[in-house]
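A.B. asks: I have a structure I would like to understand better, so I am pasting it below and will then ask my questions one at a time.
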Amino acid sequence: MSKTKSLVIFLSIAIIFAFTTAVVAKTDNNQAQNRGQINAQEHRSAVANFVHSLLDVADREPGGIGEQVRVIAQQQNQSASTTIQAAETVQNRNKIRTFLFGSDYKNLGALRSEMVHTRNRLEQLNRIMENMENEEDRVELQNQIQEMEQEQERIENFIREQEGEFSLFGWLFKFIYGYQNLSE
């Protein structure tokens, strides 16, 4: 009789735990999706402003400088869709799956890769800015670079937050797939 009581109590606790976990996970997923949409929209808007400003500068700058700025603007515009897709995939990941296996390291790696490409483009823009003759264009370019650096910082904070999520077996996946936190 004692074993039966213990089994009933254990099953009751397991059912309550499973139900509670499912409700919490669904709530967290809905909140994450809402945040993901807001973040994606904000990032899309920031990149659109950045690209638009760069194209305006490119139109006013004669010769090779204008063309270099235009190429960088086009590259950053293409990069934005990859960044947004990876961020949304990470944010929309099922919380139970994250708890068990860890964050979506593949897409976090894609975000890190896009961040490196963006940093390289910002460095190119800084070098180009030194050769600009028009002071107004130089100031506009500097402002846009600063705004994009702030956007980069937001993405870096997002990556750190996702990497910091607790998981039971995440350490194992990091070990197996060789994922390393490059920000350390």
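The values are calculated or read from the model by the stated rules, or taken from the named source; none is laboratory data. What you see is a predicted model, and the numbers here were worked out from it, not measured in a lab. Cβ coordinates were reconstructed from backbone atoms using ideal geometry, including for glycine residues, and neighbour counts include every protein chain displayed.
Yes/no per residue for (1) at pLDDT 90 or above; (2) over 16 Å from the mean Cα position of the chain (by Cα); (3) closer than 30 Å to Arg160 by Cβ:
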{"position": "Ala18", "(1), (2), (3)": "no, yes, no"}
{"position": "Asn34", "(1), (2), (3)": "no, no, yes"}
{"position": "Gln37", "(1), (2), (3)": "no, no, yes"}
{"position": "Glu42", "(1), (2), (3)": "no, no, yes"}
{"position": "Ser79", "(1), (2), (3)": "yes, no, yes"}
{"position": "Thr82", "(1), (2), (3)": "yes, no, yes"}
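A.B. asks: Quick one: how many residues across the range 62-83 are crowded, with 16+ Cβ neighbours inside 10 Å and either more than 17 Å from Arg119 (Cα to Cα) or of a type in the set (Ser, Thr, Tyr) (or both)?
C.D. replies: Total satisfying the criteria: 4.
A.B. asks: Next up: Only residues that are loosely packed, with under 15 Cβ neighbours inside 10 Å and among the β-branched types (Val, Ile, Thr): list them for the range 102-152, please.
C.D. replies: Listed by number, the residues that qualify are Val116, Val139.
A.B. asks: Return yes when Thr98 is among the hydroxyl-bearing types (Ser, Thr, Tyr), modelled with pLDDT of 90 or more and either within 21 Å of Ala48 (Cβ to Cβ) or buried (at least 16 other Cβ atoms within 10 Å of the Cβ) (or both) and no when it is not.
C.D. replies: Working: among the hydroxyl-bearing types (Ser, Thr, Tyr): yes; modelled with pLDDT of 90 or more: no; either within 21 Å of Ala48 (Cβ to Cβ) or buried (at least 16 other Cβ atoms within 10 Å of the Cβ) (or both): yes.
Spelling it out, it is not the case that Thr98 is among the hydroxyl-bearing types (Ser, Thr, Tyr), modelled with pLDDT of 90 or more and either within 21 Å of Ala48 (Cβ to Cβ) or buried (at least 16 other Cβ atoms within 10 Å of the Cβ) (or both).
A.B. asks: In the range 126-156, what residues are among the polar types (S, T, N, Q), out of contact with any Phe, Trp or Tyr (no Cβ under 9 Å at 6 or more places or on another chain) and at pLDDT 90 or above?
C.D. replies: Selection gives Asn126, Gln142, Asn143, Gln146, Gln150, Gln152.
A.B. asks: To continue, here is another question. Check Val116, Val57 and return the single one that is hydrophobic (A, V, I, L, M, F, W, C), within 21 Å of Gln150 (Cβ to Cβ) and in contact (Cβ under 8 Å) with a residue 40 or more places away in the chain.
C.D. replies: Sole residue among the options that is hydrophobic (A, V, I, L, M, F, W, C), within 21 Å of Gln150 (Cβ to Cβ) and in contact (Cβ under 8 Å) with a residue 40 or more places away in the chain: Val57.
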